[in-house]
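Inspection log for the structure reproduced underneath, given as structure tokens.
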Amino acid sequence: MKAADLRALGAEARNVWTDRQHADADSIARLLDGVTGVWFGGVDQWRLADVLRGTATERAIKACYAAGAVIGGTSAGAAVRRATGVTRHVLPAGSTFDPRSGVARLP
């Protein structure tokens, strides 16, 4: 799903492309203020996790999630949710998640 697809469904959507340096900038993290959803497209999940991990943008994504926003993604975008710690709070205890395949095994 792309921003254009979300807009066709009535959502206000934008694409945000960033690198590690800019992901830690408040100006990028503030783009997430008040959002009700974050969608990660499919890319290299390890690169995406490396870009986001420990940055202001990762903290903003987690704050959105804590406030009730929906976090989703396709392919690597789905896998990166776990790598950044978002789905750690969703999967039941005893679950395992393979970020390379995006497969979760529930107890």
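Condition check ((1) more than 21 Å from Lys2 (Cα to Cα); (2) modelled with pLDDT of 65 or more) across all residues:
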site	(1), (2)
Ala25	yes, yes
Gly37	no, yes
Cys64	no, yes
Val80	no, no
Arg88	yes, no
- Item | Residues located in the range 1-54, provided they are more than 16 Å from Ile71 (Cβ to Cβ) and among the polar types (S, T, N, Q) | Asn15, Thr18, Gln21, Ser27
- Message: Tell me whether the range 10-18 contains one or more residues that are surrounded by 15 or more Cβ atoms within 10 Å (Cβ to Cβ), of a type in the set (A, V, I, L, M) and closer than 17 Å to Arg59 by Cβ.
- Response: no
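The values are calculated or read from the model by the stated rules, or taken from the named source; none is laboratory data. Since this is a predicted model, take the numbers as computed values, not measurements. Cβ sites come from the backbone with ideal geometry, for glycine too, and all protein chains shown count toward neighbours.
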